[in-house]
Amino acid sequence: MKSDSSGSAVSEATDASEKETAANNDKTYTNGDTYYLIAGSFKNEQNAMDFKDKLAENNHPAVLLNKPDSDFFFVAYDRFSNLDQAKAALSDIVQNENDSAWIYKKR
């Protein structure tokens with residue numbers, strides 16, 4: 001994980017085989033970087049799915065990410081195609097909900 005010039009934590013991944021499951025997310029994404037606002041990570045897939053469902057119930061377009069080269073499942077509040085949008089959302093989440101949230105960058 002690295003920090004950008006604003007001090008925000010951004011983790012990068014380039015694995016094209018990474019799987020994603022979104023809940024009620026109508027956003028359109030093209031090729032390029034995608035930024036995920038991570039709410040938590042889990043070793044147990046069922047726990048990750050339950051947490052994703054809980055976020056979705058609280059009006060977050062929750063996303064579940066599974067990295068095949070990792071034992072962890074990431075649960076994101078949302079995803080963004082623009083880092084500035086992700087940073088703005090992170091700031092709001094950190095102040096109001098989860099001070100452990102972070103940004104994950106997928107290329």
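With a cut-off of at most 10 other beta carbons within 10 Å, and DSSP calling the residue loop, which trypsin sites (Lys or Arg not before Pro) in segment 40-84 qualify? Please list them.
When the trypsin sites (Lys or Arg not before Pro) of segment 40-84 are filtered for loop state and at most 10 Cβ neighbours within 10 Å, Lys43 remain.
Output ³J(HN,Hα) for segment 62-74: one whole-Hz value per residue in order, computed from phi by the Karplus curve 6.51 cos²θ - 1.76 cosθ + 1.60 with θ = phi - 60°, and x for Gly and Pro.
Listing the rounded values in order: 4, 10, 10, 10, 10, 9, x, 8, 9, 8, 10, 10, 9 Hz.
Amide H to amide H, which residues 5 or more places from Ile103 or on other chains are under 5 Å from it, using H placed in the peptide plane?
Sorted by chain and number, the residues that satisfy this are Ala9, Ser11, Ile38.
Taking R0 as 35 Å, what's the FRET efficiency between Asp92 and Met49 from their Cβ-Cβ distance, rounded to 0.05?
0.90
Bear in mind that the values in this text are calculations on the coordinates, not laboratory data. Keep in mind the model is a prediction, meaning the values are calculated, not measured. All Cβ positions, even for glycine, are placed from backbone atoms using ideal geometry, and neighbour counts span all protein chains on display.
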